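Step one of this worksheet: look at the structure below.
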Amino acid sequence: MAQKNIFIQNEGGPSTFHFDENLDNLPLPSLDDTLQRYYKSLIPFASDENELKNTEKIINKFKNGNGKKLQKMLQDKASKEKNWVEKYWEDYAYLTTRVPLAPYCVMSQPLLTSYTGIKTTKGNLLRNFSRIVYYSLEFWNLIRHEKLRAGTSADGKTYFSSNQFKRMYNTSRIPGDFKDEISCYFKLKSEQSCPSHIVVIGNGRIFYFDVIYDEKLMTPQELHHTLSIIYGKINDEKNNMGIPILTSDDRTAWSKNRRHLMELSKENEHYFKIIESSIIALSFDVSEPSDISELSQKTIDGDIHSRWHDKSSTLVAFRNGLFGFVGEHSCYDGALSFSPYILMNLMDDPEPDWNEKLKLQIIPKEIEFKVDDKVQSEIDRLEKWKDSVQNIVTVHYGEYKSYGKNAMKDQKLHPDCYVQMALQLTYFKLHGNLASTYETATMRNYYHGRTETVRSCSIEVMEWIDNWFDEKATSAEKAKYFRRAANSQHKLMNAAKQGKGVDRHLFALSCLALENQMPIPELYNDPLFQKSGGGGNFILSTSTLGYFINIGFVAPMLKDGYGTFYTMLENRIWIIVTTYKESDVTSGKKFYDAFETSMTEIMDLLNSTTESKL
């Protein structure tokens, strides 16, 4: 039980949200500072001096013209709001997106239960799922009672915003014709009552039941009883390939179908509220993934008859006893401690006594929407369409076993910066050019902070790659340039965490222009803006998941791009590489193989040049 205490606040300690209102406002950089950083980030991608000089003119024109006006407007906004980018980011980075949420907009995690010591077999599916559901509800309860320990920086000196935890549960993204909205029913125990039911979906059927009785959570054994009833119904009775499939459509089409369903009957309207206000969705997926790559694949775009994609959080159980988790990205970011909490509890807690006599035997209720010919034709359309969109994103999981974070730290290098350099080398080996790269930097040390972009492909990376492939360069020179590039990445990360990035500032300025019906400045149409990753055009989308048995991923930003997401354990690295199936130039398998080679070559070089540590 010791590991659970990592997440639970000590008695008398500060509550989960104690620090939130007193966190610093999100700092607004000066326009000059941001544009200087922006210009430096362009240099690796300029085809020649003329292109760079032309962009320099565009930047200066922006700085002294529309950019200057927009900066004053943003300064005024920042004087009135504690986080000047929060609403813009939510609206324009997420809610105006019209593509289907899965696989394009969701976060996915294979739950690596096999590493916890439990038996992951088909026969144990319902028992293990009952435990996983219980721990997820326990996590919800900790947040409601404000007993979850607030996040901090590695040194424990800086507290992080816990605000996003409030939208992890009891929350849904509601489709709109032009823009979605987030509907959150979550309430703290100190505020008022909060919906306490969950929904369970399988083979197009939807069930729900309450999980709180006499102010106590149902036990794993009680959950097992109710989930067994539902599992039996969806497997043994006639299936209803119904409403859940509609949530997999593009957002505008789903908005119109949802509105039509609500107009059909008041009961339908009531059913939507039950689903959208539920704590969490559970999905019984018919797939039987054979390994972690396929498990990841099926988590992001599996059985669409068993998903309600609008839900902020969904736990997925597969027929062969494996599990996954899906998070809706507009509601929160991936750097929350939900899955580590579940996995640690599975490690620590003994197996429940499944023969224990139950005090509570809950019978679930089923949701049966009223449909008409129009709705049925839409279901039929999507039923025909679904096969063509399965596996849009391909997922490759790899485990690099030669060394992990300890060996990288022995080289006096930050492990994350080290891996970022290996990713740069990997891409260059495969494609012969540098990749515009996005690494996630947390901004949760500020009021309602979310993320900033670290543009990992820096001038120092460009110089290191040039040196690496220079036949005249010595090993010592290559090691020196590598270290300089890795240390530069560390500086870029620290700067981004302090609000000294590039992309959120430029993004907010463009949103202001759009909002005020001003012409979009030339800077945003400059080819180098896009080549460097601006406007969400990063070829490599990357993020670290930390140092625990936890892995997750999202789709790449571009058709010919990669998503690379990694966990750095003491003596190995887990990495997931995502690509688009329709791309003719990317391959997750080839990328991982080249990554393995790059990691080995880098360490061999560093070990052969011990003086490079100095």
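The values are calculated or read from the model by the stated rules, or taken from the named source; none is laboratory data. On a predicted model such as this, the values are computed, not experimentally measured, just so you know. All Cβ positions, glycine included, derive from the backbone under ideal geometry; neighbour counts span all protein chains shown. The area values use the complete protein model at the heavy-atom level, side chains included, leaving out ligands, DNA and RNA. Shrake-Rupley method; radii C 1.70, N 1.55, O 1.52, S 1.80 Å.
What the table shows:
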{"item": "Residue within region 131-149 that is modelled with pLDDT of 95 or more and small (Gly, Ala, Ser) present", "result": "yes"}
{"item": "Matching residues in region 422-447 - criterion: being open to solvent by 40 Å² or more (accessible area, probe 1.4 Å) and of a type outside the set (Val, Ile, Thr)", "result": "Phe428, Lys429, Leu430, His431, Gly432, Asn433"}
{"item": "Test: residue in region 562-582 that is part of a helix (DSSP H, G or I), at negative phi and within 20 Å of the chain's Cα centre (by Cα)", "result": "no"}
{"item": "Hits in region 164-181 (condition: closer than 18 Å to Leu246 by Cα and either among the β-branched types (Val, Ile, Thr) or surrounded by 24 or more Cβ atoms within 10 Å (Cβ to Cβ) (or both))", "result": "Ser172, Arg173, Ile174, Pro175, Asp180"}
{"item": "Any chance Ser172 is of a type outside the set (D, E, K, R), touching a Lys or Arg at 6+ places or on another chain (Cβ under 8 Å) and assigned to a strand (DSSP E or B)", "result": "yes"}
{"item": "Among the residues listed as Arg98, Arg167, Arg173, the single one being within 23 Å of Ile304 (Cβ to Cβ), at pLDDT 95 or above, touching a strand residue (DSSP E or B) at 6+ places or on another chain (Cβ under 6 Å) and charged (D, E, K, R)", "result": "Arg173"}
{"item": "Scan of region 104-136 for residues that are among the aromatic types (Phe, Trp, Tyr) and either open to solvent by 20 Å² or more (accessible area, probe 1.4 Å) or in contact with a strand residue (DSSP E or B) (Cβ under 6 Å, 6 or more places away or on another chain) (or both), ordered by number", "result": "Tyr104, Tyr115, Phe129, Tyr134"}
{"item": "Test: Lys61 is in a helix (DSSP H, G or I) and basic (Lys, Arg)", "result": "yes"}
{"item": "Boolean, Gly202 is buried (at least 18 other Cβ atoms within 10 Å of the Cβ), at pLDDT below 95 and not hydroxyl-bearing (Ser, Thr, Tyr)", "result": "no"}
{"item": "Matching residues in region 205-232 - criterion: being open to solvent by 40 Å² or more (accessible area, probe 1.4 Å) and part of a loop (DSSP other than H, G, I, E, B)", "result": "Asp214, Glu215, Thr219"}
{"item": "Qualifying residues in region 298-327 (those that are aliphatic (A, V, I, L, M) and open to solvent by less than 10 Å² (accessible area, probe 1.4 Å)) - the one farthest from the chain's Cα centre (by Cα)", "result": "Ala317"}
{"item": "Exclusive hit being charged (D, E, K, R), more than 26 Å from the chain's Cα centre (by Cα) and on the phi < 0 side of the Ramachandran plot, set Glu460, Glu452", "result": "Glu460"}
{"item": "Contacts under 9 angstrom Cβ, first residue in region 170-182 being at negative phi, partner part of a loop (DSSP other than H, G, I, E, B) and small (Gly, Ala, Ser), 6 or more apart", "result": "Thr171/Ser312; Ser172/Ser278; Ser172/Ser312; Arg173/Ser312; Arg173/Ser330; Asp180/Ser330; Ile182/Ser312; Ile182/Ser330"}
{"item": "Candidate set: region 46-56, residues that are surrounded by fewer than 17 Cβ atoms within 10 Å (Cβ to Cβ) and not in a helix (DSSP H, G or I); chosen: the one nearest to the chain's Cα centre (by Cα)", "result": "Ser47"}
{"item": "Number of the exception - Ile520 against (1) free of Cβ contacts under 8 Å to residues at least 12 places away in the same chain; (2) in contact with a His (Cβ under 9 Å, 6 or more places away or on another chain); (3) of a type in the set (A, V, I, L, M, F, W, C)", "result": "(2)"}
{"item": "Per-region count, region 328-355, residues touching a Ser or Thr at 6+ places or on another chain (Cβ under 7 Å), under 18 Å from Tyr134 (Cα atoms) and either open to solvent by 10 Å² or more (accessible area, probe 1.4 Å) or not hydrophobic (A, V, I, L, M, F, W, C) (or both)", "result": "1"}
{"item": "Residue that is modelled with pLDDT of 95 or more, hydrophobic (A, V, I, L, M, F, W, C) and surrounded by fewer than 18 Cβ atoms within 10 Å (Cβ to Cβ), where the choices are Ile43, Ile6, Ile59", "result": "Ile43"}
{"item": "Criterion: in a helix (DSSP H, G or I), more than 30 Å from Lys53 (Cα to Cα), open to solvent by less than 60 Å² (accessible area, probe 1.4 Å) and hydroxyl-bearing (Ser, Thr, Tyr) - qualifying residue of Tyr592, Tyr524", "result": "Tyr592"}
{"item": "Residue check, Ser543 out of contact with any helix residue (DSSP H, G or I) (no Cβ under 9 Å at 6 or more places or on another chain) and modelled with pLDDT of 95 or more", "result": "yes"}
{"item": "Of the criteria (1) closer than 16 Å to Ile551 by Cβ; (2) not in a strand (DSSP E or B), which one Ser377 fails", "result": "(1)"}
{"item": "Residue within region 393-407 that is assigned to a helix (DSSP H, G or I), open to solvent by 60 Å² or more (accessible area, probe 1.4 Å) and among the charged types (D, E, K, R) present", "result": "no"}
{"item": "Residue identified as closer than 30 Å to Thr567 by Cα and not in a helix (DSSP H, G or I) among Lys119, Lys82, Lys40", "result": "Lys119"}
{"item": "Scan of region 448-482 for residues that are among the acidic types (Asp, Glu) and open to solvent by 30 Å² or more (accessible area, probe 1.4 Å), ordered by number", "result": "Glu460, Glu463, Asp466, Asp470, Glu471, Glu477"}
{"item": "Extreme residue, most open to solvent (accessible area, probe 1.4 Å), among residues of region 151-163 that are more than 14 Å from Gly449 (Cα to Cα) and small (Gly, Ala, Ser)", "result": "Ala154"}
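To keep it simple, each residue is scored yes or no on (1) out of contact with any helix residue (DSSP H, G or I) (no Cβ under 8 Å at 6 or more places or on another chain); (2) not β-branched (Val, Ile, Thr).
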site	(1), (2)
Ser228	no, yes
Lys233	yes, yes
Met241	no, yes
Leu246	no, yes
Arg258	no, yes
Tyr271	yes, yes
Ala281	no, yes
Val286	yes, no
